[in-house]
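> Dumping the structure here so I can ask a few things about it.
The values are calculated or read from the model by the stated rules, or taken from the named source; none is laboratory data. Here the structure is a predicted model, which is why all the values come from computation and not from measurement. FYI the Cβ positions are ideal-geometry reconstructions off the backbone, even for glycines, and counts take in every protein chain you see.
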Amino acid sequence: MSNKIIIGSDHGGFRLKSDIITHLKNNGYEVDDLGCYTTESCDYPVIAKAVAEKVLTNSGRGILVCGTGIGVSITANRYDGIRASHCTDTFTARMTRMHNDSNILCLGERITGAGLALDIVDIWLNTEFEGGRHQKRIDMI
Ligand code: RB5
């Protein structure tokens with residue numbers, strides 16, 4: 001699995017995204033930041049689409065942040081082959097990798113504090129997909 005993480009946020013997720021980027025770089029990941037680059041108001045679908053498309057092109061992994069994590073997850077999940085998971089706890093972060101082979105993690109800056117969010121990121125990045133019956137179910141989506 002590539003150590004490159006494709007990441008994006010709107011203004012509502014910009015600060016948490018910045019914390020995540022620092023954390024990822026400190027842990028040896030390469031980060032491809034598709035914006036936004038300031039806290040000026042912008043539109044989450046634009047960023048979520050860019051991240052989803054690049055995850056599909058690269059068969060990679062992405063992280064999306066907005067105020068709630070919901071707008072970016074709704075947008076990313078419109079793409080066939082994207083399994084974007086909005087997580088607010090470590091249990092769902094682990095399970096969505098094991099059972100759903102999640103390829104985009106969605107977080108809400110206004111929902112989840114940075115400490116918990118970084119734990120969620122670490123667990124999501126380091127948990128393997130179980131395959132087997134779960135692959136069969138993914139093929140049914
Ligand atoms: C922006 O105000 C906010 O609507 C956005 O960040 C996100 O929470 C949408 O779902």
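> Filter segment 52-63 down to the residues that are touching an Asp or Glu at 6+ places or on another chain (Cβ under 9 Å) and hydrophobic (A, V, I, L, M, F, W, C) and list them by number.
Hit for segment 52-63 is L56, nothing else.
> Also, I was wondering about something else. Tell me which residues, restricted to segment 104-130, are of a type in the set (A, V, I, L, M) and over 13 Å from the mean Cα position of the chain (by Cα).
I111, A114, L116
> Of all residues in segment 20-61, which are more than 19 Å from S73 (Cα to Cα) and either small (G, A, S) or within 16 Å of the ligand (Cβ to nearest atom) (or both)?
G28, Y37, T38, T39, E40
> Right, another one. Condition check: touching a Gly at 6+ places or on another chain (Cβ under 7 Å), crowded, with 16+ Cβ neighbours inside 10 Å, at pLDDT 95 or above and small (G, A, S). Does G12 satisfy that?
In short, yes.
> Here is a follow-up. Just the residues that are near the ligand (Cβ under 7 Å from one of its atoms) and surrounded by fewer than 23 Cβ atoms within 10 Å (Cβ to Cβ), please, taken from segment 62-85.
Within segment 62-85, G67, T68, I70, G71 meet the criteria.
> For the subset of segment 27-38 comprising residues that are over 20 Å from D122 (Cα atoms) and touching a strand residue (DSSP E or B) at 6+ places or on another chain (Cβ under 7 Å), which member is surrounded by the most Cβ atoms within 10 Å (Cβ to Cβ)?
Step by step, filter segment 27-38, then rank; the result is C36.
> Restricting segment 108-129 to residues that are over 15 Å from H23 (Cα atoms) and not small (G, A, S), which is surrounded by the most Cβ atoms within 10 Å (Cβ to Cβ)?
By that ranking, first place goes to E109.
Here is a yes/no grid of residues against (1) in contact (Cβ under 8 Å) with a residue 60 or more places away in the chain; (2) among the hydrophobic types (A, V, I, L, M, F, W, C); (3) under 14 Å from G12 (Cα atoms):
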{"site": "G62", "(1), (2), (3)": "no, no, no"}
{"site": "C66", "(1), (2), (3)": "no, yes, yes"}
{"site": "I70", "(1), (2), (3)": "no, yes, yes"}
{"site": "T75", "(1), (2), (3)": "no, no, no"}
{"site": "R78", "(1), (2), (3)": "no, no, no"}
{"site": "H86", "(1), (2), (3)": "no, no, no"}
{"site": "F91", "(1), (2), (3)": "no, yes, no"}
{"site": "M95", "(1), (2), (3)": "no, yes, no"}
{"site": "I104", "(1), (2), (3)": "no, yes, no"}
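> List the strands (runs of 3 or more DSSP E) inside segment 19-91, counting only whole elements, that have at least 1 residues being farther than 20 Å from D101 by Cβ.
Passing ranges, in order: 30-33, 61-66.
> Would you be able to say whether some residue in segment 39-60 is closer than 18 Å to D119 by Cβ, surrounded by 15 or more Cβ atoms within 10 Å (Cβ to Cβ) and of a type outside the set (G, A, S)?
no
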